[in-house]
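Asks: Dumping the structure here so I can ask a few things about it.
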Amino acid sequence: MQWNLTKELLSEIRDWIADGKDTALLEVTKDIHPADIAELINELRREEAAYVYRLLEEERAAEVMLELDEDVREKLLSSLTSREIADFVIDNIDSDDAADVISELPEDKQEEVIALLEDEEQASDIIDLLTYEEGTAGALMGKELVKVNLNWTVAQAIREMRRQAEYIDNIYTIYVVDDKDVLLGTLSVKSMIFASSSMRTMIKELVREIKVRKVLDTASAEEVANIMKKYDMVVLPVVNESDVLLGRITIDDIVDVIQEEADKDYQMASGISEDVESGDSIMTLTRARLPWLLIGMMGGMISANIIGVFDITENPQMAVFMPLIAAMGGNVGVQSAALVVKALANKSALDESLAQKLAKELGVGLFNGLICSLIIFGVSMLFHFEYHLSLTASIALFSVIIFASFFGTWIPMTLHRFKIDPALATGPFVTTLNDIFGLIIYFTIGHSILSL
């Protein structure tokens, strides 16, 4: 049965915390998933969250810490001592997760936690991972893996595998290395058990002669995600420039990366400049949203100035179609930009040059523009609008759709070329510019036709 956190239950849990009813708290959390406990802690105040967290068993406490929202985790970590973080959390999670948690601590507390770790190898692995720049394969990888030497026998390899796998939850594959830890190939557990004729069989007789898909430790997280997605991989080995095996990246880490990138792109497309949540403070939310609102406001002022320059009082009837022209230009531009951004993210846009993409969008714009312009001309005539005004709106709409298709394609491609996130093009940036240029096109055509 799925656990459901209701307002009534949350209120009751808060009462138990206030009254120190540890037995009741343990009873409600003992059989639920760590993600459900994290959901509960996310709703509690910092002192309450720390109280519940300290009641959990070490392994569950570590799993819960990884499931918490980032801002809640940061506050909870600040409530725990260095010893509690080392014993409750770091000792019970993989090296990549441990490095992520420690990186959220102040520098002095990072050193304290690492110094308190009893496992020197674990401490060394975490220190190594902390040296990698965020967003790289090295920062994503975990050090826990199973590897065997090319020159070992099957019996020797199995003994080593048992030792290595003691703290690993899932063994996806076995990596074969030489004496210098250079990655040479892979083995499956099945091949180790069934393919060998005896326990004295050498590993080099079992390893498959195939090119191992791997990634450099300096590769971007986006590149890692694309490789694992393209080849349906659940684990990817990480090597350095000398092909020395350093670690592995598992699919759960990449799912998190994909989700973070999707959230980031969605926020950017919505005109939000920072990574924020609805529960953040008013000042944080304002700081994230205000810049693009100001840009949109400046765009509106420019549009108002354009109306003044063209002096709408000469042809006041043109005001009727202004919202339509602006809205259609913005919609078409965002559609074109969204398709290009998606193609760039999937690397499929690399198959076509800028000229090819622009030519294709020009064709799409011609068809869409022709259909929409004929519809608006027919509808406006049906409602007895003046002929020249209907013609103006029709020709202007046709022109604006073509321009917006072209512009919405060119902007993200250009941003990508200059190493700027093209998701920026799907938000207020393209919409505002299309509004401005759409009105310029509309009034230019209108003054040409209505002045005849």
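Nothing in this text is a laboratory measurement; each read-out follows from the coordinates by a stated rule. Small disclaimer: the values here were computed from a predicted structure and weren't measured. FYI the Cβ positions are ideal-geometry reconstructions off the backbone, even for glycines, and counts take in every protein chain you see.
Asks: Can you tell me what percent of all Cα-Cα pairs in segment 282-450 are more than 22 Å apart?
Replies: Looking at segment 282-450, the distances longer than 22 Å represent 48 percent of pairs.
Asks: Which entries of K211/K342; K30/K143; K204/K229; K75/K109 show an alpha-carbon separation above 22 angstrom in the structure shown?
Replies: In this structure, K211/K342; K30/K143; K204/K229 exceed 22 Å between Cα atoms.
Asks: Over its Cα atoms, what ratio of radius of gyration to 2.2 N^0.38 Å does segment 22-71 give?
Replies: In units of the 2.2 N^0.38 Å rule of thumb, it is 1.00.
Asks: Also, I was wondering about something else. Using the C-alpha gyration tensor of the chain, what are the square roots of 5 times its eigenvalues, in whole angstrom, with the largest one first?
Replies: 56, 32, 18
Asks: Name the longest site-free stretch of the chain, where the excluded sites are chymotrypsin sites (Phe, Trp or Tyr not before Pro) in a DSSP loop with no more than 14 other beta-carbon atoms within 10 Å.
Replies: 1-230
Asks: Helices from the chain with mean Kyte-Doolittle at least -1.0 and a Cα length along the axis of 24 Å or more, per DSSP H: which?
Replies: Span-like helices in the chain: 251-269, 282-310, 322-345, 354-382, 387-417, 428-450.
Asks: Turning to a different aspect of this structure: Which semi-axis lengths, in whole Å and largest first, follow from the square roots of five times the eigenvalues of the Cα gyration tensor of segment 147-259?
Replies: They are 26, 15, 12 Å, listed largest first.
Asks: In Å, what Kirkwood hydrodynamic radius results for segment 287-329 from the alpha-carbon pair distances?
Replies: Answer for segment 287-329: a Kirkwood hydrodynamic radius of 11.9 Å.
Asks: Which three numbers, in whole Å and largest first, are the semi-axes of the equivalent ellipsoid of segment 61-171 derived from its Cα gyration tensor as √(5λ)?
Replies: 29, 14, 13
Asks: Where q = 0.18, 0.24 Å⁻¹, what log10 of I(q)/I(0) comes from the Debye formula for segment 365-452, counting one point per Cα?
Replies: For the requested q values the scattering log ratios are -0.80, -1.11.
Asks: Can you give the relative contact order of segment 282-450 as a percent, counting alpha carbon pairs under 8 Å and 6+ residues apart?
Replies: 39
Asks: Another question, if that's okay. Per residue, how big is the convex hull around the C-alpha atoms of segment 7-135? Give it to me in cubic angstrom, could you?
Replies: In segment 7-135, the Cα hull volume divided by residue count equals 104 Å³.
Asks: Please identify every one of the trypsin sites (Lys or Arg not before Pro) in segment 157-256 that sits in a loop by DSSP and has no more than 14 other beta carbons within 10 Å of its own beta carbon.
Replies: K180, R200, R208, K211, R213
Asks: How big is the charge dipole of segment 147-259 about its Cα centre, in debye rounded to the nearest 20, if each Lys and Arg gets +1 on its Cβ and each Asp and Glu gets -1 on its Cβ?
Replies: 580
Asks: Gain in length, S78 to L294, computed as 0.36 nm per residue apart minus the alpha-carbon separation, to one decimal in nm?
Replies: Residue separation times 0.36 nm, minus the Cα-Cα distance, leaves 74.2 nm.
Asks: I'm a student and want to see the number: the projected area of the Cα convex hull of segment 131-199, averaged over all directions, in nm².
Replies: Result: a mean projected hull area of 5.6 nm².
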